[in-house]
Each structure stands twice: as structure tokens, then as C-alpha cells.
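The values are calculated or read from the model by the stated rules, or taken from the named source; none is laboratory data. Just so we're clear, the structure is a prediction, and the values are computed from it rather than from any experiment. Cβ atoms come from the backbone with ideal geometry, glycine included; neighbour counts cover every protein chain shown.
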């Protein structure tokens, strides 16, 4: 028996994009601020720390994970903090049996991609869902953690593809290595993340509170419209959280990041102008 549970994060605990973004923000702001030699440095430190903490805390709140019990007999899926608070999504606990198999299943509904799920198939064909279809998680990562769970629990792993047509449902083997999925949705997804940091440019152009607020409303509406358009292009699934939940989480992140960007930029500009005088 193992003394500790095996915890596997569905989305990476510390992804490269987060490290790169924090490094760029911290490095850029630090260089701009410390370029003025006569400006006191101590007041800026809490602002830098607050910005870094806000980004990191927002990411931690979006983490979801699978946890294998110390005796390797049960597996539990824990949704992210955001999912638990916005959609009231509950954790899922499934008992592992020696003769069962772990299945990573890709779904195709009437020719459209419908996400990937992980479930346990027990002898006799009974299936118990562990992680429902959610395209927010990379398929490669789902297969990776499912492989680790199956190896640790000593049960076989199967990759399957289910196709739902007007004639019914069929299942076949799935070979992810032979696939290439379109990445055109990465551009709008990246733009959703970058929109709040337009606040740096806005604060540089104007110090007017109403103007800054008006730009925030405009950017927020553009982001919401883009998310709605992208959501309508994706295949519908009853297991995917409602669109309003994504919009609520993104709106909270946008408002927080935009406010921090404006405040930090204003602080830098005020100290820089003071040093010039």
C-alpha cells in the first residue's frame, strides 16, 4: 500500500505560458520603473507582488485534478474552484476493480467533435464516468494522466472513439498520433487573455477616469462577443458547463487584470514624470 494519494492535475500546475507572462510583466515593469534612478523603489514593491499574486491565484483557482487513493482502489475527480463556485460542479468518485479497464473516449456526434471523456468500464459493460467531456482540457494531457492512473492502479487502458449517427452509436479504437486537429481557435483564446493588458496602453494614452472606464466596457463587450461567436462554433454538449459560467469567470479575470494593469501603469508614469521634474 502506498502512503500518499496520487494527485494529477488535468491542466498543468505551472504551465509555460504563465511563467513566461509573469516573467515578461515583472521584468518589463521592473525595468521601466527602475530606469528612473531618483524615484523611491519601496512603494512599488507591494504593487508588483499584488499583480504577481493575482495572476497566480487566478490560475490556481482554475486547476482541476484526478486523485488516486493511497490503496489505489478509488479515483476521484475534483473540479476547479471556479467550476465549483460558478456551476456548482461536484467531485466524482469511482471505485476501481481489478478486472475493469480505464477508457479515454473521444466523441464524434453527427460528424462534429464532441470532446473527450474518461470513464471506468467494469466487467459486464457497466460504465462509470470519471471526467466528463470538456474541451478545455488538452487531449494529450488527458491521455497522459489516464496512462499514469492505469499504471499505478494496475488496470488496462483503452483509447476509444465513439461516433453518434442517425443509425446509432458505434465504438472503435482511437489513434491520437495519426490526428491533427485545427489550431485556429488558439488565436481568439490568446486574445481573450491579452485583452485586459490593453489597459497599459489605455492608461498611457489618458489619465481620465471616465475614458479608462469606457475603454474597459468596450474591451469587455468585444471579449464577450468573441467568446459567444467561438462558443457557437464549438459542438454542443450537455456535459460542458453553461456559456454564462465561462463568461462570468472571464469577466472577473478581465476586470481584475485590467484594473491592475491601469494602476501599475499609472504608478509608473507618475513616478517617471515626478523624476523628470
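Some values worked out for this structure:
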quantity	calculated
Breaking point among (1) over 20 Å from the mean Cα position of the chain (by Cα); (2) at pLDDT 80 or above; (3) farther than 30 Å from residue 221 by Cα, for residue 175	(2)
Residue count for the stretch 56-76, restricted to those that are in a strand (DSSP E or B) and either surrounded by fewer than 16 Cβ atoms within 10 Å (Cβ to Cβ) or free of Cβ contacts under 8 Å to residues at least 12 places away in the same chain (or both)	1
Residue check for residue 146: part of a strand (DSSP E or B), in contact with a strand residue (DSSP E or B) (Cβ under 6 Å, 6 or more places away or on another chain), closer than 13 Å to residue 104 by Cα and at pLDDT 80 or above	no
Those residues of the stretch 77-97 which are closer than 28 Å to residue 252 by Cα and not in a loop (DSSP other than H, G, I, E, B), in sequence order	77, 78, 81, 82, 83, 84, 85, 86, 92
Of all residues making up the stretch 227-255, the number that are at pLDDT below 65 and either part of a helix (DSSP H, G or I) or surrounded by 14 or more Cβ atoms within 10 Å (Cβ to Cβ) (or both)	6
The stretch 157-170, residues that are within 20 Å of residue 125 (Cβ to Cβ) and exposed (fewer than 12 other Cβ atoms within 10 Å of the Cβ)	168, 169, 170
Residue 115 out of contact with any strand residue (DSSP E or B) (no Cβ under 7 Å at 6 or more places or on another chain) and under 24 Å from residue 170 (Cα atoms)	no
Every residue from the stretch 103-131 that is at pLDDT below 80, over 19 Å from residue 157 (Cβ atoms) and in a strand (DSSP E or B)	112, 113, 114
